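To start, the structure under review is shown below, and the notes come after it.
Derivation of every value follows stated rules applied to the coordinates shown; laboratory data play no part. This one's a predicted model, so the numbers in the text were calculated from it and none came from an experiment. All Cβ positions, glycine included, derive from the backbone under ideal geometry; neighbour counts span all protein chains shown.
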Amino acid sequence: MFLKSQSSFSLGEISLRLMADCLQAEGWQDSQSVSEIGYQFKLFVLQAEYEDGSTVTHSGVFDRAHIPEKEFLLFVDALEIIIRSYGFGGIIEMEGFMSALKKGEVKYCGVEFTKHSKVYHYRTTDLRINVGDEVIVPVGENDFERVAVVTTVEFCRWDDTPYPLEETKEILRLASDEEFIPSLPRLSWGVKGGMDENPS
């Protein structure tokens, strides 16, 4: 019992230190306005009081574009250890937090047309799209619409993308947005200019 209490105290102290680091980090984008928000959003108000009586308050949109990502994730990782160890359940839900685009970023998705097949890359501005979603993408010179499954999601700067941005096609929509009727016939395509990661 003593060891468990000691461990709990240490983890709690570490979490508080990480939270203090997060509160003092650069990158907070506090806002009371929701005009910039797209499909999904969660708002937060965070107020912390230090031992000396001073307080720090942050509020706005709960995502990585408005909260210092690195420092916040370190704090959440420490909290998750405590939560999982002592059975409090999933208190902090991170899906919405990771779905935002920071200024100057583009969202790149790897997709497969059949399971365990070659992965092709497309870009998107749809923050709802996550790994496992079915999406409609343009394929070939005539941009036939096909269903694909998202296998990877990554955020890149516009000037540091894995493939030339102007040569990377954009996901048209989530398959669930409307009933999809596949284009017929489905033609095969050839690889052009060495861009074997992006059908065009």
Scalar couplings 3J(HN,Hα) for the range 153-160 by Karplus 6.51 cos²θ - 1.76 cosθ + 1.60 (θ = phi - 60°), nearest whole Hz, x for Gly and Pro, are 9, 9, 10, 10, 6, 4, 9, 8
For Leu18, the net charge from surrounding residues (Cβ-Cβ under 15 Å; K, R +1; D, E -1) works out to -4
Cα-Cα longer than 24 Å, checked against Lys42/Lys115; Lys70/Lys115; Lys103/Lys169, kept in input order, equals Lys42/Lys115; Lys70/Lys115
The set of residues whose placed amide H lies less than 5 Å from the amide H of Lys42, leaving out same-chain residues fewer than 5 positions away, is Phe62
DSSP beta bridges in the range 105-177: the antiparallel percent, rounded to 5, is 95
